[in-house]
Structure formats: structure tokens, C-alpha cells
Amino acid sequence: MKKIILSASIILVGLSVQAGISGEPSVINSIIINSVVTQDEYKEVAADAVPAAVKSTIEKSFPNTKLEKSYKNEKNEYKLEISSGDKKYTIFTDASGNIIKK
């Protein structure tokens, strides 16, 4: 997301500079870009703080796995790190246990 915003900014600035050079010299083109970047920052929570619906989804969807770490963000979405033997996976769910694709 940051790369997309940065790329768009660079392109727009490049176009405005080119337009200023090829246009009338007395006209100054300026573009103001306001962007809001939101990050879903997850904070680690204890396994006990994970709702039963989320645990049930993990047990049903990913049998024979172990919940290693769990994180929660402001939107009540959970980032769960699970493992099965040597393999590790990261799963995202909402508070109701619905799996979110990220």
C-alpha cells in the first residue's frame, strides 16, 4: 500500500513538473496530496483472550495444529500463528471466527 501511494505521488509530481515546463512559464502547477495510511497494528494477546468461536474455527479448519501466538487489532480481528510439526502458518480471523483473507 505504501509503495502504491509513493508511486502515485512520484508520477503526479513528475507530470506536474513536465506540465510546468511545457506550459506557460508564468503558470505554476502544484498538486497537494493528502493521504491517510492506516495500519492494522496487532498487539499480542494471551491464548485465553481469544474467543471460543475463533478457537473452534482453527480446530475445525486446521486439525492437528497448535496455537503458538495470537494477536488482536483495534477492529477486533485476530492474527493467529499456528504450527503443525515443522510447518508454521499465519491465519487472520474476525471475532466471530470467520477467516479473513489478507
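Within the range 67-81, residues that are outside any loop (DSSP other than H, G, I, E, B) have Cβ atoms under 8 Å from residues that are surrounded by fewer than 13 Cβ atoms within 10 Å (Cβ to Cβ) and among the polar types (S, T, N, Q) in these pairs: LYS79/THR90; LEU80/THR90; GLU81/THR90, counting only partners at least 6 apart in sequence or on another chain. When we screen THR90, THR57 for residues that are at pLDDT 90 or above, in a helix (DSSP H, G or I) and either small (Gly, Ala, Ser) or in contact with a strand residue (DSSP E or B) (Cβ under 7 Å, 6 or more places away or on another chain) (or both), the only hit is THR57. Only residues that are closer than 13 Å to ILE100 by Cα and either in a loop (DSSP other than H, G, I, E, B) or modelled with pLDDT under 90 (or both) were counted in the range 41-54, giving 0.
The values are calculated or read from the model by the stated rules, or taken from the named source; none is laboratory data. This is a predicted model, so every value here is computed, not measured. Note that each Cβ is placed from the backbone with ideal geometry, even for glycine, and that neighbours are counted across all protein chains shown.
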